[in-house]
Amino acid sequence: MKKNFTFCYILLLFLVFQLNYAQTPSKIKIEYADFGDRNEIEMPGAALLTGNVKVSHDGIIMTCNKAYFFEKENYIKAFGEVQMVQGDTLYLNSKYAEYNGNIKQAFATGNVSMRSPESTLVTDTINFDRNKQEAFYNTFGTITNRENVLKSKSGRYFASQKKFLFLTAVTITNPKYVVKSNHLDYYTNSGHSYLFGPSTITSKENFIYTENGFYNTKKNTGHFLKKSYIKYNDRRIEADSLYYDRNKEMATATRNVKITDSINKGIIKGHYGEMYKKKDSLFITKHAVAINLVDKDSVYIHAKKIMVTGKEGNRIIRGFNNARFYKKDMTGKCDSIHSDQKVALTKLIGKPILWNYENQMTGDVMHLIGNNKTEKLDSLKVLNNAFIISKDTIGTGFNQVKGQNLYGKFKDSKLYEADIVKNTEVIYYMRNDKNELIGINKNVSSKINMTLDKNTIDTITFFTNVDGDIYPEKDLPENARKLRGFIWRGDERIKNKEDIFPEDEKEIDLKYIDEGKCNDEKGKKPMKIRKETTDYDKADKDFLKANK
């Protein structure tokens, strides 16, 4: 038992000795100096070294023209063309410097230049902690990293991570853009920038704003979250998550996407969109809706996918798959919509149906023609199988007009005159001034002209090969009061702007977009944006781990 105790005691003493030895700082070593002297009156306890002074300490080499070396304190003050070199990774030049060998901390001032293989920092004063491999300056600094120039009032450099941290106003100037932020992390080896708080990226092409984002200065790509938007001369795109490629001049957006066309007074919304500035095109999907101003009223267009192409003044809006639109005085549905801004022509393609006040219109193809000067709806074409139906104002019957084609004119957004040509047929409930039913007009002809007043048929004129009669109500059976192809679809009518979304799209599932994520540079792997924190080392580790 005594032997074991003695052994443990000796082992403990050995460990204490080793620990004390390990904690004993190494001494600064004088490698060379042209002259050496001591002047206890001028600098007590210090050796004066002059001419080609060179000292070393734990992997760092210091050279200067003059130095005071305090051997007892393991401390040195250097003057004139001072340079500290740490391996081949860090070079620190200044007019004056101090170095403490006990705590491995350096202080430099006067035209300070700190260089690494990736970047150069120029400032007036800097502090460098070799234990943490961190440098700090608070005297305005300029960092040059390839083609990027960073300027800030203060900053911190993490040598092991090759990262600059800025918590005051910082500017990155690149030949293509300028970044401004009050909180930015910048990695010199990768050119990655992490932006926190209000930050902007300004270029000739656009203006980007974000309060939490990432920008790759090498590849010119970025990811932006939290109140982010990209603004062009004529458009602004905003979303919960934005991805941007400057080289392709392309942006993708997810969740709560809103694209505003300031010149054409239009807005497009959805939950996923892509915009290609060089091609003057964009598309949006997932609850997509385009809002435009016509006749001083908003028109809402919905389709599963909406595309906008062309330059200003020559733009085309296309809506694909189950297209629907709503305007206070006109609504409609079809398979697809094609709207050409230059010629003010909107085509409703694929089983179109249109409601204008109390009139239901159908046909194979419909054209709505506007007037670019008045910015109002001018006329309507219904091509092949044109059919107009409206309820009788009092009874349960339906007024009906059909033919091959229909050509209508609008006044104040109301259909006030229409010509129906070729193989025309009519069923019309005729009433006197007291709204008493005179009879039911059932007729066929080659052409019909009708005028409408207060959204009801006012006059009908028949042309060429007229054949028909006016029947008393009792003499025309119910099965003869509807033309072939009659289908009343009043229950399908879109009553408000919310109705443009089909039932299966009103409750859209957005689980495909995770909160706090956006697509990576290839648009495939979700990339997490680092959350704002004061624990920068942990944050960086978490970020790298999340995106491994």
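Could you tell me whether any residue of region 277-292 is assigned to a strand (DSSP E or B), touching a helix residue (DSSP H, G or I) at 6+ places or on another chain (Cβ under 7 Å), open to solvent by 20 Å² or more (accessible area, probe 1.4 Å) and touching a residue at least 40 places away in the same chain (Cβ under 8 Å)?
No - not one qualifying residue is present in region 277-292.
Just wondering, is there one or more residues in region 151-162 that are open to solvent by 20 Å² or more (accessible area, probe 1.4 Å), at negative phi and part of a strand (DSSP E or B)?
For region 151-162, residues open to solvent by 20 Å² or more (accessible area, probe 1.4 Å), at negative phi and part of a strand (DSSP E or B): present.
Any idea which of (1) among the aliphatic types (A, V, I, L, M); (2) at pLDDT below 90; (3) open to solvent by 30 Å² or more (accessible area, probe 1.4 Å) is the one Val299 doesn't satisfy?
(3)
Only one of (1) farther than 15 Å from Ile28 by Cβ; (2) open to solvent by 60 Å² or more (accessible area, probe 1.4 Å) fails for Asn102. Which number is that?
Going through the list (1) farther than 15 Å from Ile28 by Cβ; (2) open to solvent by 60 Å² or more (accessible area, probe 1.4 Å), Asn102 breaks only (1).
Name the residue that is nearest to Tyr209 (Cα to Cα), counting only residues in region 168-197 that are surrounded by fewer than 17 Cβ atoms within 10 Å (Cβ to Cβ) and among the hydrophobic types (A, V, I, L, M, F, W, C).
Only one residue tops the list, namely Val178.
I'd like the full set of residues that are touching a Gly at 6+ places or on another chain (Cβ under 9 Å) and outside any loop (DSSP other than H, G, I, E, B), limited to region 70-89.
If the condition is that a residue be touching a Gly at 6+ places or on another chain (Cβ under 9 Å) and outside any loop (DSSP other than H, G, I, E, B), then Phe70, Tyr75, Ile76, Val82, Gln86 are the ones that fit.
Determine, yes or no, whether Thr260 is polar (S, T, N, Q) and surrounded by 22 or more Cβ atoms within 10 Å (Cβ to Cβ).
no
Scan the strands (runs of 3 or more DSSP E) fully inside region 1-61 and keep the ones with 2 or more residues being within 60 Å of the chain's Cα centre (by Cα) and either under 30 Å from Tyr91 (Cα atoms) or modelled with pLDDT of 80 or more (or both).
Fully inside region 1-61 and qualifying: 29-32, 47-57.
Sort out for me the strands (runs of 3 or more DSSP E) sitting completely within region 354-415 that have 1 or more residues that are hydrophobic (A, V, I, L, M, F, W, C), in contact with a strand residue (DSSP E or B) (Cβ under 7 Å, 6 or more places away or on another chain) and farther than 16 Å from Trp488 by Cβ.
365-371, 376-391, 398-411
When region 410-423 is examined, which residues are found to be without any contact (Cβ under 8 Å) to a residue 60 or more places away in the chain and under 20 Å from Ile353 (Cβ atoms)?
Phe410, Leu415, Ala418, Ile420
For region 410-442, name all the residues that are exposed (fewer than 15 other Cβ atoms within 10 Å of the Cβ), among the basic types (Lys, Arg) and within 54 Å of the chain's Cα centre (by Cα).
Lys411, Lys422
The values are calculated or read from the model by the stated rules, or taken from the named source; none is laboratory data. Every value quoted in this text rests on a predicted model; they were computed, and no experiment measured them. Ideal geometry is used to build each Cβ from the backbone, glycine not excepted, and the neighbour counts take in all protein chains shown. These accessible areas exclude ligands, DNA and RNA; they are computed on the full protein's heavy atoms, side chains included. Shrake-Rupley method; radii C 1.70, N 1.55, O 1.52, S 1.80 Å.
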